[in-house]
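Okay, so here's the structure we're looking at.
Read the figures in this text as sums done on the coordinates, not as results from a lab. Bear in mind that the values here come from a model prediction, so they are computed numbers and not experimental data. No Cβ is skipped: glycine too gets one built from the backbone with ideal geometry, and neighbour counts run over all protein chains shown.
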Protein chains: 2
Amino acid sequence: MQIVEGQATSGEAAPDAAQRGQRSAFAVQAIRDMIVSGELPAGERVPERVITERLGISRTPLREALKVLEVEGLVQISPNRGAMVVKLSLGDVEAVIEMLIGLELSAAELACVRASDEEIARAEELHHEMASAYRRGALIEYFNINQQIHEQIFVCAHNAALLRVYRAESARIRRFRFVSNREATRWPRAVQEHEQILDALKQREGAILREVLRAHHWNGWKATAKVLSEEWGEELG
Amino acid sequence: MQIVEGQATSGEAAPDAAQRGQRSAFAVQAIRDMIVSGELPAGERVPERVITERLGISRTPLREALKVLEVEGLVQISPNRGAMVVKLSLGDVEAVIEMLIGLELSAAELACVRASDEEIARAEELHHEMASAYRRGALIEYFNINQQIHEQIFVCAHNAALLRVYRAESARIRRFRFVSNREATRWPRAVQEHEQILDALKQREGAILREVLRAHHWNGWKATAKVLSEEWGEELG
DNA sequence: CTAAAGGGTTTTGCATGCAGATTGTCGAAG
DNA sequence: CTTCGACAATCTGCATGCAAAACCCTTTAG
């Protein structure tokens with residue numbers, strides 16, 4: 001009886017429910033999205049019951065998913081008290097940004113030495129797409145291409161560990177970076193800085209690229225921090 | 001019936017079995033140790049049955065532990081085929097080392113600006129303990145204090161994200177770093193390099209500290225890589 | 001001799017039930 | 001009115017059972 005009922009649930013409760021062998025991965029992605037989108041606010045508890053019903057899976061794969069999200073740093077699990085969405089202070093986010101900048105400066109140096117001409121051409125192509133999105137005022141598209149350009153620097157560095165950590169840690173704070181985009185003031189300036197970044201990369205000037213990137217990210221963070229602190233003060237999620 | 005038997009198992013099968021609420025954490029640590037110690041060789045499958053019996057826990061917390069270890073990068077899980085200890089090539093390890101060096105150079109710059117005098121004094125104290133271990137020929141102790149000194153640089157940087165990532169990524173390759181210690185050739189030289197590191201830190205000379213650290217780690221990696229490639233060729237774990 | 005096909009065994013994926021922990025509620029005492 | 005405590009409702013931690021997938025060994029066709 002219980003088995004039949006269980007499988008019926010997984011078949012009807014959620015139309016996009018996961019197949020066998022993918023349930024916990026499905027839950028990880030779903031909860032991650034809920035956190036990034038703000039549907040699950042920071043500090044909120046994540047009751048197993050609610051999520052299982054929402055996703056149409058049972059508690060076992062859900063609990064595996066929560067463990068994964070805990071390692072990823074998106075939730076915190078307390079014994080006998082379950083999971084809660086991690087609450088980050090402005091200082092916490094700044095620390096992550098600072099570390100990511102360090103990673104990217106390392107990647108930049110390596111990229112200038114190791115990138116193939118094709119990889120640099122790809123970065124340039126992305127840059128033009130981004131400039132186009134800027135001219136059209138397509139904010140979301142601009143944001144996404146922007147992310148891709150910075151990732152391309154890591155690709156150019158030919159170091160899988162760098163890229164992996166960059167992606168994982170970026171995910172932790174993606175939500176906060178996006179916020180700053182509502183502040184359009186910095187937009188033209190950011191595009192201009194990207195010109196310089198591209199130039200330095202094309203000329204494979206590692207030292208110059210480092211400094212340009214450092215300034216670019218630091219300016220970006222200052223703008224983001226301004227928006228964030230106005231919005232929430234020190235109490236972020 | 002089943003419950004009584006289950007709890008009896010957790011009480012007697014493993015004398016150091018975990019308490020309620022700690023079983024998966026216990027399993028994570030136990031399996032991590034088995035991997036680091038080489039008891040579970042790279043490429044080996046990790047059958048749930050065997051581990052549960054060994055640790056005296058049931059499959060549920062074990063599977064949670066394996067998910068955690070997968071995110072940590074120590075095992076790989078394939079659907080319907082279970083977990084296997086990740087096999088790293090010499091190139092994979094080198095990529096991680098390269099990234100860790102980048103992180104430490106970032107931390108070093110920050111440390112020179114932000115460290116308190118007490119924190120630097122702590123680094124110096126560790127340095128003297130390490131030198132003492134060297135003179136006594138206490139290899140293991142030397143290795144551990146060495147790790148602590150490098151961690152202290154991250155502590156001095158006052159950036160929790162940097163320290164967290166450094167610890168997590170170091171854990172992935174701890175096994176390989178340790179190997180190089182059997183090669184005692186580099187020992188006196190390494191101690192000497194540590195003198196320079198300490199000096200640069202005490203004088204808060206970020207640029208110098210960067211270059212000294214870069215050389216130190218690069219030399220260390222060359223020695224390690226030599227041992228590793230002699231031992232396993234390109235087929236590491 | 002290799003390759004495909006069967007079938008029994010083992011292993012994984014997951015839903016669930018039970019025990020213990022926590023939380024919420026309400027009444028009594030201060 | 002607040003505080004403490006008992007009790008109930010709820011939630012988490014975990015062992016387990018069932019189904020599906022993978023595995024392994026034997027048999028058989030090419």
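Listing for the model above:
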| read-out | value |
| --- | --- |
| Two-decimal ratio, region A:181-230, of alpha-carbon radius of gyration to 2.2 N^0.38 Å | 1.25 |
| Relative contact order (%) - chain A, alpha-carbon pairs under 8 angstrom, separation at least six | 22 percent |
| All Cα pairs of region B:57-152, percent lying beyond 23 Å | 54 percent |
| Evaluated at q = 0.10, 0.11, 0.18 Å⁻¹: base-10 log I(q)/I(0), Debye formula over Cα of chain B | -0.57, -0.67, -1.27 |
| Cβ nearest the rotation axis (A onto B), residue from chain A and distance to the nearest whole Å | A:Val71, 2 |
| Structure-based [θ]222 nm, chain B - -39500 (n - 2.57) summed over DSSP H runs of at least 4, per residue, nearest 500 | -25000 deg cm²/dmol |
| Cβ-placed point charges (K, R +1; D, E -1), dipole of region A:90-232 about Cα centre in debye, nearest 20 | 320 debye |
| Using a 7 Å Cα-to-Cβ projection, B:Val179 label spacings across copies, nm, ascending | 4.5 |
| Ordering of B:109-121, B:159-171 by burial proxy (mean other Cβ atoms within 10 Å per residue, highest first) | B:159-171, B:109-121 |
| Karplus-derived 3J(HN,Hα), 6.51/-1.76/1.60, for each residue of region B:159-164, Hz, glycine and proline x | 9, 5, 5, 4, 5, 4 |
| Inter-copy label distances at A:Glu118 (7 Å, Cα→Cβ; nm, one decimal) | 5.6 |
| Fraction of alpha-carbon pairs over 27 Å apart in the protein assembly as shown - percent | 62 percent |
